[in-house]
Amino acid sequence: MAVMPPRPSKDESWLDQIDEWHLRLAKELPEIEPHELRLMIRSILQPPNVPRRWLLRKTKDGRYVL
């Protein structure tokens with residue numbers, strides 16, 4: 001018997017849209033690294049009731065940026 005993965009709840013359905021938007025925008029924005037583009041899309045699509053997490057990246061000169 002196959003085990004079905006859990007379906008996303010109504011509150012998590014926005015997560016499915018991230019991959020769709022990533023595929024659309026990656027071709028148009030090749031200068032943005034794929035992981036960073038995914039984080040940008042996620043922050044835009046994330047509903048206000050979901051707690052936000054801020055991720056920092058360390059640059060070559062030692063600074064941290066969002």
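Structural remarks
- For the range 45-64, the count of residues that are of a type outside the set (A, V, I, L, M, F, W, C) and on the phi > 0 side of the Ramachandran plot is at least one.
- Residue satisfying all of: in the range 14-52; closer than 20 Å to residue 66 by Cβ and among the acidic types (Asp, Glu); modelled with the highest pLDDT among these: 31
- Here residue 5 meets each of (1) assigned to a loop (DSSP other than H, G, I, E, B); (2) modelled with pLDDT of 85 or more with one exception, condition (2).
The values are calculated or read from the model by the stated rules, or taken from the named source; none is laboratory data. Quantities reported herein were computed from a predicted structural model and do not represent experimental measurements. Counting neighbours? That spans all protein chains shown, and the Cβs are built from the backbone with ideal geometry, glycine included.
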